[in-house]
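Structure, as C-alpha cells:
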Amino acid sequence: MNQCGTPCGTTTTSPGCRLRVSPPSMREPRTSPGAVVFGSILAMLLLATLLTAARPIAGGVSMASLAFALLAAYAIPTDRLLGSHVGVKLALSIVFVGAPIFFAGLSFAALFRGRSEADRAFGWNLLGAVAGGLLELLSMAIGLKLLLVVALAAYLLAALLWLRSPRGNAT
C-alpha cells in the first residue's frame with residue numbers, strides 16, 4: 001500500500017494525493033555495494049595472478065605502485081562515489097577498492113616467488129590477512145580514509161623489512 005492507501009503501482013487521482021508508486025520490478029536497477037566490492041576484489045586478484053604468470057613484476061615496482069594506489073584512493077573524494085551516475089560510481093568504486101588489491105597481489109607474487117619455504121610464506125600471509133581484517137574494524141572508529149593511511153603504513157613497514165632482508169637486497 002502507498003501513502004494514499006491504494007495498492008502499489010496504481011495512480012490515485014484524489015485531490016489530496018497524487019502519487020505514483022512503481023512496483024519493485026519497475027524501479028531503477030540497484031547494484032549491491034557488497035557485490036561490487038567483492039567482485040572487484042576477485043577480479044583484481046585474478047588479473048594480478050594472470051599478469052604475474054605472463055610477466056613477473058619486480059617487488060619494488062609493485063610495492064611503489066601499491067603505495068601510489070593507496071594514496072590515489074585516499075585522494076578520491078568519497079562524496080563523488082555517492083552522488084555520481086551509476087556507471088561512474090561503479091568505475092570509481094572498482095578503482096577505489098580494486099587498485100590497491102591488484103598491486104598488493106602483484107607484491108605478494110613478487111615476494112613469494114623468491115621464497116624457498118612456501119608453507120612459511122603462506123603462514124605469514126595468513127597472519128597478515130588476519131591482522132588486516134582486525135585493522136579493518138578500525139574503519140568504524142577512524143573512517144575509511146584514515147584506514148587507507150593505516151594500510152599504507154603497514155605496507156611501507158613490510159617494504160622496509162623486505163628491503164632490509166638479504167632477499168630484498170638481491171632483487
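Here, each number is a calculation from the coordinates, and none is a lab measurement. Given the structure is predicted, the values throughout are model-derived calculations rather than measurements. Backbone-built Cβ (ideal geometry, glycine too); neighbour counts: all protein chains shown.
If you wrap the tightest convex hull around every Cα atom of the range 33-170 and split its volume per residue, you get 113 Å³. Measuring r between the beta carbons of ARG55 and ILE142 and using R0 = 41 Å, the FRET efficiency lands at 0.65. Evaluating 6.51 cos²θ - 1.76 cosθ + 1.60 at θ = phi - 60° for every residue in the range 42-59, the Karplus couplings come out as 5, 5, 5, 5, 5, 4, 5, 5, 5, 5, 5, 5, 7, 8, x, 10, 5, x Hz, glycine and proline recorded as x.
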